Every structure is written in structure tokens, then in C-alpha cells.
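Heads up, the thing below is written out as C-alpha cells.
The values are calculated or read from the model by the stated rules, or taken from the named source; none is laboratory data. Fair warning: this is a prediction, and the values are worked out from it, not measured in the lab. Neighbour counts run over all protein chains shown; Cβ positions are idealised from the backbone, glycine included. Each accessible area value is taken on the protein alone, full model and side chains, heavy atoms only, with ligands, DNA and RNA left out. Shrake-Rupley method; radii C 1.70, N 1.55, O 1.52, S 1.80 Å.
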Amino acid sequence: MTKLYVVGIGPGSYEQMTLQAIHALQTCDVIVGYTVYVDLVKAHFADKVFLTTPMRQEVERVRLALETAQSGKTVAMICSGDAGVYGMSGLCEELAKAYPSVEIETIPGVSAVLSGAAILGAPLMHDFAVVSLSDLLTPWETIEKRLLAAAEADFVICLYNPASRKRKDYLMRACDLVLRFASPDTVCGIARNIGREGESITVLPLKELRETEVDMFCTVFIGNSQTKVVNGKMVTPRGYVYA
């Protein structure tokens, strides 16, 4: 059996990768990934062979990785964040059926819901939901149902892919859905460029989030009814009693 590692590299910086991920990239022969992600790791694994494909060529990328592994190479397919959270591990498992000599091993990484929460403060101390606003693979009607259900249940909501050039108003639409159940003063946060140059946070109420411009380098957090601002950070109480 040959090996295909599906590796979550976290936010992007070497220091925020897990030791398991670093070990997998050190031991592989070939690293495959989306061009932007490969550029994040190249300097630290310069002796490897790198194969890339552009955005929206995920199927081609996975087949390239599987074919390379089938040829006898140990391959690492890299994903930002965690490979199993909007990553490539599912597609690798699905397509690997046609490559029975290749063993798949997923190496977890720090997803943006976790790394973004860390720089914002402590927004995920209670139950939360993660929803991607990208309708490339999921119909907007389905996204809308999930947002409404999460808002009605008073979950903290983390939004991936909150906007793009073609989806400039999607965050506004999402906020309007949440506002059916949540107060306009609900504490929210934006984590930008997590773990990369230009990293920043913004803490603001839901009514202002609705009017705020974001991009694909942002992860958005909408608090629940108990979320508050503490020393400029976003905090959702766990419920501990203290004097």
C-alpha cells in the first residue's frame, strides 16, 4: 500500500501547524495543493516536489494526488484549516475507491472556527454551529434553513466564506435571517487573515455587522443571547458561578 496523507495545515503559519502535520509533510515525497496553500508551506519543505491546481479544480487535484500515490510516491494533499472541515478528506475518501492500492490518512489541523475564536477571545464557550455561506456546492435555500434553525436555537454561529466578488450581499442576507430571532445588539466578531500577515479582529453588534464589508479571508462569528464584550474581546459565558 502507498500512502496519501490529507493534511490540515491550520491558518497558514508554520507555528500553527500540528506536529503530526509537520511530520507528515517531512516524510512525504510530494505535496499537492491549491496554489495559495502550497505557497504557505514551500519555504519550510523546500526539498519536496510540489504539484498544484487552481481553485475550483478540486476533483482534478485529488485525482492527481491519488495517481501520484499509486505510482509509488508518498503524497500529502494539503488543505487550510482542518482537512475534514470544508476540506479535501471527504473527496479523497470518495475517489480513493478507484485506487485500491492507496491508503488514505487524514491529519487534522486547526480550523478557522477555532483559530478565529482564539484571537477574538472566547466566543465558543457554549454550543455553536458552523455554516458556510458559499452556495457553490450547497443551494442557498439549504443555507437559509440552517441559519434560521441555528438562530432560533440561540447557537453561536460561525460563518465561513462570508462573501466573495459574486456574493457581496450574502453576509447581509445572513444577518437579516438571524435578526428574525436575535437582538440587533447581539455581539459579533470578525477575524481577518488568521495566522497570516495583516491579522486583525473586529468586535461589533449584529446591526453593524450587517453593514460591514468582508471577504473570503474573514471568518465571522455571531454570538448568542448571552455573548458579551469583555476588555474588547468577544466572550460567550459557559455558565460558571463566581463572586
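Selection of the range 38-58 for residues being part of a helix (DSSP H, G or I) and open to solvent by 60 Å² or more (accessible area, probe 1.4 Å) yields Asp39, Lys42, Ala43, His44, Glu58.
If I ask for residues that are in a loop (DSSP other than H, G, I, E, B) and either buried (at least 18 other Cβ atoms within 10 Å of the Cβ) or in contact (Cβ under 8 Å) with a residue 12 or more places away in the chain (or both), which ones from the range 97-119 would you list? Even if it seems obvious, please write down each step before you answer.
We begin by selecting, within the range 97-119, every residue in a loop (DSSP other than H, G, I, E, B); these are 99-101, 108-111.
Matches in the range 97-119: Tyr99, Ser101, Pro108, Gly109, Val110, Ser111.
In the range 9-28, the residues that are on the phi > 0 side of the Ramachandran plot form Cβ pairs under 6 Å with partners that are surrounded by 17 or more Cβ atoms within 10 Å (Cβ to Cβ) and in a loop (DSSP other than H, G, I, E, B), at six or more places apart or across chains, as follows: Gly10/Met17; Gly10/Gly109; Gly10/Val110; Gly12/Gly195.
Rundown of residues vs (1) modelled with pLDDT of 95 or more; (2) open to solvent by 50 Å² or more (accessible area, probe 1.4 Å); (3) not in a loop (DSSP other than H, G, I, E, B), yes/no style:
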residue	(1), (2), (3)
Glu197	no, yes, no
Glu208	yes, yes, yes
Glu211	yes, yes, no
Val220	yes, no, yes
Gln226	yes, yes, no
Val229	yes, yes, yes
Met234	yes, no, yes
Tyr240	no, yes, no
Ala243	no, yes, no
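Restricting attention to the range 59-90 and to residues that are of a type in the set (Asp, Glu) and over 18 Å from Ser134 (Cβ atoms), the residue that is surrounded by the fewest Cβ atoms within 10 Å (Cβ to Cβ) turns out to be Glu60.
With respect to (1) open to solvent by 40 Å² or more (accessible area, probe 1.4 Å); (2) farther than 24 Å from Leu114 by Cβ, the lone exception for Trp140 is condition (1).
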